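Accompanying notes for the structure given below.
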Amino acid sequence: MANITAGMVKELREITGAGMMDCKKALAATEGDMEKAVDFLREKGLAGAQKKAGRIAAEGIVDTKITTCGKKGVVVEVNAETDFVAKNEKFKTYVAEVAAQALDSSAADLDGFLAEKWALDPTMTVAEKLSSMISIIGENMHIRRYQILREENGFVESYIHAGGKIGVLLDIESDVVNDEIKAMAKNVCMQIAALKPVYTSDSEISADFIEKEREILKAQIMNDPKESSKPEKVINGMIEGRIKKELKDICLMDQVYVKAEDGKQSVKAYIDSVAKANGAKIAVKGFVRFETGEGLEKKNENFAEEVAKQMAK
């Protein structure tokens, strides 16, 4: 076996722009032959991927996949640099493949997931497939996150909004599973997508969180000359009222159901009505909501520039 030196790895990396470990593997596979190593990386679609790694990838799409039995589901977010590429069918197909891979994954975290063998081509890892797609599509990309939900005593429902801008998974425990209950679950998924709850119910909220909110609200009131002059009992009542309103906004079960005809029915009341109508016991065990690019820095580019760049490639 040829002796692969750090200098050889560095040279190959400078030639191809591929990652250090990919270069080392290529040289090992070709017994140190630089030309064959370049070809090896090109064939794997890895050459050139590293050159794009520094670019901001804050666009992309969210996708979901659920097992045939409905007991397990996954939601994934894969990012690219531009919305133009995010709408590309090749990119969409790849994200769907990532979702399918994640659904069957036993990895403990994202690093473990990236190190897994790519199910559709076990000659490469998930990370190597990603590098290959970067070279093919021509933009920096990354698999940002994924989350799995399981429910043995019911089912998992999903919803994708605006072509992948938002993805939702919902865990429903129910002793009855029929079309009406599944339609209810889909409606609740849409509620989550639209109103962005943080918790399922107020039972998930810690006492520390509530106390911190009280302190913040009290400070706000005391900084307002008109409010701070009120009696302490009134101020305390104002604080509790505002906390109650805030919890109603961030807790799914307490939110006003968006399709409520009277504009007052809560999500819990809606679910309870469906349960009663179907003779079922239904409980929302949890949910996951991913919004593409949330919390990421984004580039300011217009659509015309994106098109011009893609046509130039």
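Carbon-plus-sulfur fraction of the accessible area of the range 142-197, 1.4 Å probe, in percent?
The nonpolar share, carbon plus sulfur, comes to 47 percent.
Which one of 133, 265, 60 has its Cα pushed farthest toward the positive end of the charge dipole of the chain, where Lys and Arg give +1 and Asp and Glu give -1 at the Cβ?
Highest projection toward the positive end goes to 265.
Along the principal axes of its C-alpha atoms, what lengths does the range 129-182 span, in descending order and rounded to whole Å?
Computed over the Cα atoms, the extents are 48, 23, 14 Å.
Whole-Hz ³J(HN,Hα) for each residue in the range 25-36, computed from phi via Karplus 6.51 cos²θ - 1.76 cosθ + 1.60 with θ = phi - 60°, x for glycine and proline: what do you get?
5, 5, 5, 5, 5, 10, 6, x, 7, 4, 5, 5
Taking amide H atoms as placed 1.01 Å from N in the peptide plane, list the residues 5 or more away in sequence, or in a different chain, whose amide H sits under 5 Å from that of residue 293.
Here the answer is none, since no amide H 5 or more places off falls under 5 Å of that of residue 293.
Using C-alpha positions alone, give me the convex hull volume of the range 152-207 per residue in cubic angstrom. Intermediate values should be presented prior to the final figure.
Values: hull volume 5.8 nm³, N = 56.
It is 103 Å³ per residue.
For the chain, what is the charge dipole size about the Cα centre, in debye to the nearest 20, if Lys and Arg each add +1 at the Cβ and Asp and Glu each add -1 at the Cβ? Before the final figure, lay out the partial values.
Values: 46 positive and 52 negative charges, 72 e Å.
Using only the charged Cβ atoms, the result is roughly 340 debye.
For the chain, compute Rg over Rh where Rg is the Cα radius of gyration and Rh is the Kirkwood radius from the inverse mean 1/r over Cα pairs.
Details: Rg = 25.2 Å, Rh = 22.9 Å.
Rg/Rh: 1.10.
Mind checking the range 126-163 for GluC sites (Glu not before Pro) that DSSP puts in a loop (not H, G, I, E or B) and that have at most 15 other Cβ atoms within 10 Å?
152
So how do 195, 170 rank on accessible area, 1.4 Å probe, biggest first, that is with the largest at the start? Mind dumping the intermediate values first?
Numbers: 195 70, 170 0 Å².
Per-residue accessible area, sorted high to low, gives 195, 170.
How big is the accessible area of residue 69 in square angstrom, nearest 10, if you roll a 1.4 angstrom probe over the protein chains?
Roughly 90 Å² of residue 69 is accessible to a 1.4 Å probe.
Give me the percent relative contact order of the range 74-170, please, defined on Cα pairs under 8 angstrom at least 6 residues apart.
Numbers: 104 pairs, mean separation 33.7, N = 97.
It rounds to 35 percent for the range 74-170.
Compute the distance from the alpha-carbon center of the range 68-85 to that of the range 233-261, in whole Å.
32
With every protein chain present, what accessible area does residue 104 have (1.4 Å probe, heavy atoms only), rounded to the nearest 10 Å²?
120
What aspartates and glutamates does residue 212 reach when the alpha-carbon gap must be under 16 Å and sequence neighbours fewer than 8 apart in one chain are set aside?
Output for residue 212: 202, 204, 240, 246.
Calculate how steeply helix 267-277 sits against the longest principal axis of the alpha-carbon atoms of the chain, using the helix alpha-carbon long axis, and give the answer as 0 to 90 degrees to the nearest 10.
That helix lies at roughly 80 degrees to the long axis.
Mind checking the alpha-carbon convex hull of the range 109-237 and giving the volume per residue in Å³? Mind dumping the intermediate values first?
Working: hull volume 31.2 nm³, N = 129.
In the range 109-237, the Cα hull volume divided by residue count equals 242 Å³.
Divide by every residue of the chain the summed helix terms, -39500 (n - 2.57) for each DSSP H run of at least 4, and state the resulting mean residue ellipticity at 222 nm, rounded to the nearest 500 deg cm²/dmol.
On the way: 13 runs with 146 residues, N = 313.
So the helix-based figure for the chain works out to -14000 deg cm²/dmol.
Taking residue 72 as the anchor, which lysines have their alpha carbon closer than 19 Å to its alpha carbon, excluding any fewer than eight residues away along the same chain?
182, 186, 285
Can you give the three extents of the C-alpha atoms in the range 82-128 along their principal axes, from longest to shortest, in whole Å?
If we take the Cα atoms of the range 82-128, the spans are 32, 21, 17 Å.
The values are calculated or read from the model by the stated rules, or taken from the named source; none is laboratory data. Being a predicted model, the structure only gives us computed values, none of them experimental. In this analysis, Cβ positions are derived from the backbone assuming ideal geometry, glycine residues included, and neighbour counts consider all displayed protein chains. Only protein heavy atoms, including side chains, enter the accessible area calculation; ligands, DNA and RNA are left aside. Shrake-Rupley method; radii C 1.70, N 1.55, O 1.52, S 1.80 Å.
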